[in-house]
Each structure stands twice: as C-alpha cells, then as structure tokens.
Amino acid sequence: MQHDDFMREALQLARDNIEAGGRPFGAVLVKDGEIIARAANSIHLDHDPTAHAELLAIRRAAAVLGMPRLDGCVIYASGHPCPMCLAAMHLCGVEAAYFAYSNDDGEPFGLSTAAVYQQMTQPPQWQALPLRPLRPAGEEGLYARWQERRP
C-alpha cells in the first residue's frame with residue numbers, strides 16, 4: 001500500500017462515521033507499511049470528548065505493539081489533527097502525520113481548531129483556561145520517588 005491508499009482508508013472511516021451519526025474524522029496508524037490500527041471519532045457513541053480518531057488509533061496501536069512508544073509509526077488522518085492529538089503524537093514518538101482536510105476546509109462547518117491553537121501558544125497566565133501552580137504545604141518528593149522506583 002502507498003500513502004494515498006492509507007489516506008483513502010482514513011477518509012472512508014470518516015465517511016462511514018458520518019453515516020453512523022458521528023463527525024467526519026478517521027485515522028489509520030501505519031508501521032513499516034502495515035496498518036496497525038484504525039479508528040473513527042467516537043465522541044457521539046461514548047460521550048468522551050477525547051475520543052478523537054487519532055487518539056483512538058494511538059491507543060489501539062500501543063496496545064497491539066505492547067508499548068507506549070510508537071517510533072517509526074505514521075498517522076493518516078482525514079482532518080488536520082487538533083492540538084490534543086498532535087501533542088499525543090509528539091509524546092508517543094509518531095514519526096509523521098498526514099491529513100486530507102485542513103482547518104480552513106472545516107471552518108465554514110464549525111470544525112476548525114485554529115482558536116485552540118492560538119490559545120495554546122499563549123503563556124499560561126494569558127490563556128482563557130486558568131492554569132495556576134498549586135502545591136500544598138508539605139508536599140514534596142513526588143518526582144524523586146518516581147525516579148527511585150524506575151527500573
């Protein structure tokens with residue numbers, strides 16, 4: 001299979017998801033030219049706001065491969081990955097990501113994440129979602145303990 005074939009599969013997942021009452025998002029995760037995981041956005045089914053196609057594909061691939069690192073993997077997504085999905089790709093080591101439809105394509109339909117990207121580039125004190133440090137008195141050593149326990 002080639003890049004276009006993987007993308008066509010992601011797009012078919014998205015189209016099937018529309019017919020099932022969901023949003024137009026599908027993702028295929030590939031390693032060494034083989035599909036490891038497929039997923040469609042399932043927010044409409046389980047009411048989980050993080051059930052994006054890319055995240056579900058990442059979770060499934062990690063389970064199939066038996067490891068949290070997805071080095072050498074590539075994701076094909078029907079739409080531009082949101083900041084949450086993009087962050088997950090970075091954190092698990094996805095090598096590359098391709099998308100068919102941009103945020104500009106989705107904007108007229110209320111599917112753009114451009115405003116979220118803009119918020120995430122601001123320092124914490126300027127974001128609409130307050131993010132403030134809070135460590136209770138006497139709390140210390142959490143990360144040191146984790147380092148001690150690591151194999």
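Structure data summary
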quantity	calculated
Ratio of the Cα radius of gyration of region 61-116 to 2.2 N^0.38 Å, where N counts its residues	1.27
Residues of region 1-83: accessible area per residue with a 1.4 Å probe, Å²	50
Angle between the chain longest axis and helix 53-65 axis [Cα atoms, degrees, rounded to 10]	80
Nearest 10 degrees, 0 to 90: helix 3-19 Cα axis against the chain principal axis	90
Net charge dipole size for region 1-51 [Lys, Arg +1 and Asp, Glu -1 on Cβ; Debye, nearest 20]	120
Accessible area of the chain belonging to carbon and sulfur atoms, whole % at 1.4 Å probe	56
By average C-beta atoms within 10 angstrom, highest first, the peptides 13-25, 119-131	13-25, 119-131
Electrostatic dipole magnitude of the chain [Cβ: Lys, Arg +1; Asp, Glu -1; Cα centre; debye, to 20]	580
Option label - Kirkwood radius over Cα pairs in Å computed here, alternatives [x] 17.1; [y] 15.0; [z] 16.4	[x]
Highest to lowest packing among 46-56, 60-70, scored as the average C-beta count within 10 Å	46-56, 60-70
Simple Cβ-charge dipole of region 27-72, Lys/Arg +1 and Asp/Glu -1, about Cα centre, in debye nearest 20	60
Lys/Arg +1, Asp/Glu -1 at C-beta; the chain dipole; positive extreme among 18, 115, 93	93
Selected from 57, 76, 41, residue furthest toward positive end of dipole (region 31-151; charges at beta carbon)	57
Mean ellipticity per residue at 222 nm, deg cm²/dmol - from DSSP H runs of n ≥ 4 across the chain, formula -39500 (n - 2.57)	-12000 deg cm²/dmol
Gaussian network model of the chain, Cα within-10 Å springs - most flexible of 77, 114, 27	114
Nearest-ten-degree value, helix 83-92 long axis tilted from longest Cα axis of the chain	80
Residue-count net charge about residue 73 - beta-carbon cut-off 11 Å; Lys, Arg +1, Asp, Glu -1	-2
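The values are calculated or read from the model by the stated rules, or taken from the named source; none is laboratory data. Just so we're clear, the structure is a prediction, and the values are computed from it rather than from any experiment. Quick reminder, even Gly has a Cβ in these numbers, built from the backbone with ideal geometry, and neighbours come from all protein chains shown. Quick note on the areas: whole protein, heavy atoms, side chains included, nothing else; ligands and nucleic acids left out. Shrake-Rupley method; radii C 1.70, N 1.55, O 1.52, S 1.80 Å.
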